[in-house]
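Each value in this text was obtained by applying a stated rule to the coordinates, not by laboratory testing. Just so we're clear, the structure is a prediction, and the values are computed from it rather than from any experiment. Positions of Cβ are generated from backbone atoms using ideal geometry, with glycine treated the same way; all protein chains shown enter the neighbour counts.
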Amino acid sequence: MNPTQNPTSGPAPGATAARTPNTLVTPGASPDMTLAAKPTLDPISTRIAVGPLLYYWPRQATLDFYAHLADSPAEIVYLGETVCSRRHELRLDDWLDVAAMLADAGKTAVMSSQALIESESDLKTLRRIVAQADFRVEANDMSAVRLLGEAGRKDWIAGPTLNIFNPATLGLMMEAGATRWVVAPEMSGGAMSALLAEMPARPETEVLAWGRLPLAHSARCFTARHFNLQKDTCEFRCLGMSDGIVLHTREGEPFLTLNGVQTQSARVHNLIADMAQVAHHADIVRISPQGAHTLDVVALFREVLDGRTGADEAFQRSTEWMVERACNGFWHGKPGLEYHAPGCA
Amino acid sequence: MTQQKIELVCPAGSLPALKTAVDHGADCIYVGFKDATNARNFTGLNFDPKAMREGVNYAHARRRKVLLALNTYPQAHNWADWTAAIDRAAEFGIDAVILADPGLMTYAAKTHPQLRLHLSVQGSATSYEAINYYHERFGIQRAVLPRVLALAQVEQVIANTPVEIEVFGFGGLCVMVEGRCALSAYATGESPNCNGACSPGKHVRWEQTPKGMETRLNGILIDRFGDAERAGYPTLCKGRFEVNDETYYALEEPTSLNTIEMLPDLARAGVRAIKIEGRQRSPAYVAQVTKVWRAAIDRVLADADHFTVQPAWMAELDKVSEGRSHTLGAYYRPWK
């Protein structure tokens, strides 16, 4: 699509208004709550988060997207540039303005930090994100963990690139002030629940449930490379590629997506049919923004979580909003690009 | 100014490779156990306890160090395998363990406070703030930098941390930030982070077809080679793909990192160790590469200002390079 158009389609009819969050462990809650596994599923209690925008959209398209999100059933919104420091349609102050707007609309806004920190100027931005006290911070690199610790912040979110794979590491992050962790996308549901079962105190748990999978970061910009440009003089060619550029195998099979220095899956990680299982363990499901229909997707997840739409029907409806075929292999402990019907381990 | 010592850190996937590295002048040899606790978990590779003891004895008798890579991320169900590996490292007299997982660092620091800790490249620490976190929290003494920083950025890291910095000098080039790459997991289900394998051999298929030699990874076509082309291993970031109808190496060419020409700069920047990639390679590779880098480092330590790259060194190194070509990678800004 043309990203200068409105990248969203507005809230779907019948979408519920934002609800009061129902948390298992609220920030600052006593850590002695023993919750080895989440109690019997009350689907309503699982909240929807919209992850940070991974693509580079024009300023107005980005602002419009978040303006629409203010009226959506998403309760948590992650903001900020996490992929490439050269992107500047919105500067940090602009992102903070968006955060304030969403907070006024009753959303919980979170500032996400850049995953790959290379330069002193990257660190400068990071320090500013940590220093602002209005919004919680998603730490996507250990540099952020250190700075948050130094600042005495006790309310941050351990992001999906921190490589938290075992109880000891998750415990360390909680000790350092994390109250929520976003599970690494490559981790299976089984491994995640085994980890949580060993935690003496459970942090809020967030699982990526929709979107192209962020698979890798590099110093190299693959979008610039595609146009025979260097990163330092990239001409911002990723601007306006609302869902990145698809990379196909030489047999024409869509395989990966080039998004600047980030490489994503071509297929769309879609756990909507797995929601019964996911919601059993996750307090929050994350929707990753895409060029179009993000709000439709958010509304559909809310319907499923509220028990208003069944998994099969929801999956069928979701297919028209996917930019590519579905995958969910990671959740099932399989190659990430596979799709497995729910219930098949 | 006196030049600080720069250690040459060489790979060994077997006891013969370890001995070869020692004999050809490596200061440190890094190794792994025969399991998923390290990032080169390949069939037929690595050390069982007997080989490990012998290797450590061989190196120590010649005043060289043995470093153990335990640089994958354990999970709840296999946690005990990793802690047992740390216990064995301490028992065998390993000189340092190379770790990526913070939970495991806690265990090592608590259980074996005398054991020296290095931060693996798989820890993805690209800034001094990240490195200093591991230093303050676990007392790591050295960090291996991911292959993403330009030289000036390496200098900036060194100027702001008490931790010794080790950089990759030569060998297979990860184009992605190490520890942050799930491409192999996406395609095959086996990840560098958790299984210690990238593009693992058991998922590889070579097929001669009318269109040419095709290489596949778990059924996915990674590349196709004409008769005149040398078919390379299907490491998935080094295949040819189609983007907007253009077929090319969309992520990276099959090429090796070779920073030998930057050695004086790296020395001046204060780099304390140069790592050679390739535990999966043969003892012959280890011999060749160790010999050349030993000579080059000795030359730099003697007189960095008059260092010149010997054409014979480059010829030797290119012979064992992936795709028989080399790059400066991210050290050279235009590469990015």
Subject >> Electrostatic dipole magnitude of the range B:183-248 [Cβ: Lys, Arg +1; Asp, Glu -1; Cα centre; debye, to 20] >> reply: 240 debye
**OP:** Would you give the gap between the C-alpha center of the range B:54-91 and the C-alpha center of the range B:214-239, rounded to a whole Å?
**Re:** 34 Å
Subject >> Most positive-pole-ward Cα, A:MET142, A:ALA100, A:ALA158, against dipole of the protein assembly as shown from beta carbon charges >> reply: A:MET142
Original post:
Rounded, prolate or oblate: which fits chain A, taking a ≥ b ≥ c as square roots of the Cα gyration tensor eigenvalues, rounded meaning a/c under 1.5, else prolate when a/b beats b/c?
Top reply: rounded
Original post:
Between A:GLU320 and A:ASP232, what length in nm is gained on full extension when 0.36 nm per residue of separation is reduced by their alpha carbon distance?
Top reply: 27.9 nm
Subject >> Across B:LYS5/B:LYS65; B:LYS19/B:LYS65; B:LYS19/B:LYS50; B:LYS202/B:LYS319; B:LYS65/B:LYS275; A:LYS334/B:LYS202, pairs whose alpha-carbon gap is larger than 19 Å >> reply: B:LYS202/B:LYS319
Subject >> Three-way shape label, the range A:280-322, alpha-carbon gyration tensor, a/c 1.5 >> reply: oblate
Subject >> Antiparallel %, DSSP beta bridges [both residues in chain B], to 5 >> reply: 35 percent
Original post:
Taking Cα centroids, how far is the range A:47-102 from the range A:113-191 in Å?
Top reply: 19 Å
**OP:** Pop the C-beta distance of A:GLU150 and A:SER119 into the FRET formula with R0 = 30 Å and round what comes out to the nearest 0.05.
**Re:** 0.95
Original post:
Most fluctuating residue of A:ALA273, A:ALA216, A:ALA109 in a GNM of chain A with Cα springs under 10 Å: which is it?
Top reply: A:ALA216
Original post:
Between B:ASN78 and B:TYR233, what is the FRET efficiency for a Förster distance of 41 Å, r being their Cβ-Cβ separation, to the nearest 0.05?
Top reply: 0.90
Original post:
Which one of B:THR327, B:MET176, B:LEU8 is farthest out on the positive end of the charge dipole of chain B, using unit charges on Cβ (Lys, Arg +1; Asp, Glu -1) and the Cα centre as origin?
Top reply: B:LEU8
Original post:
For the range B:1-52 and the range A:297-324, what is the separation of their Cα centres, given in Å?
Top reply: 51 Å
Original post:
Once a ≥ b ≥ c are taken as the square roots of the eigenvalues of the Cα gyration tensor of the range A:102-170, is the result rounded (a/c under 1.5), prolate (a/b larger than b/c) or oblate (a/b not larger than b/c)?
Top reply: oblate
Subject >> Test item: A:184-193 mean partner chain Cβ contacts at 10 Å >> reply: 4
Original post:
Once you charge only the Cβ atoms, +1 for Lys and Arg and -1 for Asp and Glu, what is the size of the charge dipole of chain B about its Cα centre, to the nearest 20 debye?
Top reply: 720 debye
Subject >> Proxy reagent accessibility, fewest Cβ within 10 Å first, across B:LYS211, B:LYS275 >> reply: B:LYS211, B:LYS275
**OP:** Could you go through the range A:276-285 in sequence order and give the Karplus-derived ³J(HN,Hα) for each residue, using 6.51 cos²θ - 1.76 cosθ + 1.60 with θ = phi - 60°, rounded to whole Hz, and x for Gly and Pro?
**Re:** 4, 5, 4, 5, 5, 10, 9, 7, 9, 10
Original post:
Hey, rough spin-label estimate for A:ALA341 and B:THR111, points 7 angstrom out along Cα→Cβ, what's it come to in nanometres?
Top reply: 4.4 nm
Original post:
Of B:GLY323, B:GLY44, B:GLY179, which has the largest mean-square fluctuation in a 10 Å C-alpha GNM of chain B?
Top reply: B:GLY44
Original post:
A:ASP104 versus A:ALA131, label points 7 Å from Cα toward the beta carbon: distance in nm?
Top reply: 2.5 nm
**OP:** Would you mind giving the mean number of other chain beta-carbons within 10 Å of the Cβ of each residue in A:139-149, as a whole number?
**Re:** 5
Original post:
For chain A, modelled as a Gaussian network with Cα springs under 10 Å, which listed residue fluctuates most, A:THR263, A:THR309, A:THR179?
Top reply: A:THR309
Subject >> Length gained when the stretch B:ARG53-B:GLN208 is fully extended (0.36 nm per residue, less Cα-Cα span) >> reply: 51.4 nm
Original post:
Quick one: if you stick a label point 7 Å off each Cα along the C-beta vector at B:GLN4 and B:ASP303, how many nm between them?
Top reply: 2.5 nm
Original post:
Using only helices, what value at 222 nm comes out for chain B when you add -39,500 (n - 2.57) per DSSP H run of length 4 or more and divide by the total residues, to the nearest 500 deg cm²/dmol?
Top reply: -10000 deg cm²/dmol
Original post:
How much length, in nm to one decimal, is gained on full extension between B:ALA90 and B:ASN244, taken as 0.36 nm per residue of separation minus their Cα-Cα distance?
Top reply: 50.1 nm
**OP:** In debye, nearest 20, what is the charge dipole magnitude of the range A:189-282 about its Cα centre with +1 on Lys and Arg Cβ and -1 on Asp and Glu Cβ, if you could check?
**Re:** 320 debye
Subject >> Average other protein chain Cβ within 10 Å of Cβ, residues B:93-105 >> reply: 3
Original post:
For chain A, what is the mean residue ellipticity at 222 nm derived from helices alone (per DSSP H run of n ≥ 4: -39500 (n - 2.57); sum divided by total residues; nearest 500 deg cm²/dmol)?
Top reply: -8000 deg cm²/dmol
